[in-house]
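Presented below is the structure to which this report refers.
The values are calculated or read from the model by the stated rules, or taken from the named source; none is laboratory data. The structure displayed is predicted, hence computed values, not measured ones. Cβ placement follows ideal geometry from the backbone for every residue including glycine, while neighbour counts extend to all protein chains displayed.
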Amino acid sequence: MKVGLKVFLLLVIALQQLSCKSSRAAIVSNLEDHYQAKNKDIYKNTGPSSDLEYEKEINESGFPIYVGSFPVAEYNTPGNGTMGFPLKIGERDVVSRSVFIRRGEQNESLLKPLNKNSEVLINLLCLTDDVSLPNPSIVTSRNHPNYLAEGTFNSRNYKTDWVVIRAYDGKSYAIINMKFFNLKYGRTILVAPQQSGEIHFKQLQDELLEETEVELYLDQLTRNIEVIDFFVKEGNIR
């Protein structure tokens, strides 16, 4: 009798755990459904929309993740993009990439509370030993209400691949050569490939920027002692 009761109790516990897991999965699913339902007037499935010629052309740049053509929902966007500047920091050559999304009808619920007309998701500054090499980058809203960006920094003997994710819930993440970053701890990341083949990083806590504020912000970083010390360290590529 005691053995039977024990088996029964174990079965009840197992069923409760399974129910909790199912509830958590349902909550996540319902959040996505709620967001899309809230924006139902601008989130309509219009069937396949692909541009294979564009796909072929864009992938000649050699992005870390292949950019494919796939059906998307209908939405309006004021645009998004990346910008980059060549910088001199402590007499070292550094290239930058900043990813931004502009405020529009489809992301009003995310950007309106920020009181910004655009949002800079990340500022990447990477040490290089050859400023003439290409550093391709792209940002896409085709996964609306999620945004993805990716790119590559090139030096003579080292390649740095990066991906940025801006999720519909407002959280942002980056992956740089398989190193994970939660961007709530800072949207500026310094990258320094090493002569040894390693790669070093530094994440800076910073203020949320608009697209129009990037150039001035980067200029200020070129005189920041902490940033200078990072890029002139022994062992960095030269």
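So the values come out like this:
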| quantity | calculated |
| --- | --- |
| Scope the range 133-155; condition at pLDDT 95 or above and among the charged types (D, E, K, R); matching residues | 150 |
| Which listed residue, of 125, 114, 110, is buried (at least 21 other Cβ atoms within 10 Å of the Cβ) and within 19 Å of the chain's Cα centre (by Cα) | 125 |
| Selection within the range 53-68 - in a helix (DSSP H, G or I) and not aromatic (Phe, Trp, Tyr) | 53, 55, 56, 57, 58, 59, 60, 61 |
| Filtered residues of the range 104-132 (kept if at pLDDT below 80 and either closer than 16 Å to residue 88 by Cα or small (Gly, Ala, Ser) (or both)) | 104, 109 |
| Any hit, the range 72-79, residues being closer than 30 Å to residue 228 by Cβ and touching a residue at least 24 places away in the same chain (Cβ under 8 Å) | no |
| Checklist (1) outside any loop (DSSP other than H, G, I, E, B); (2) in contact with a helix residue (DSSP H, G or I) (Cβ under 6 Å, 6 or more places away or on another chain); (3) not charged (D, E, K, R) applied to residue 170, failing item | (1) |
| Given (1) within 16 Å of residue 144 (Cα to Cα); (2) surrounded by fewer than 12 Cβ atoms within 10 Å (Cβ to Cβ); (3) out of contact with any Pro (no Cβ under 7 Å at 6 or more places or on another chain), index of the condition residue 73 fails | (2) |
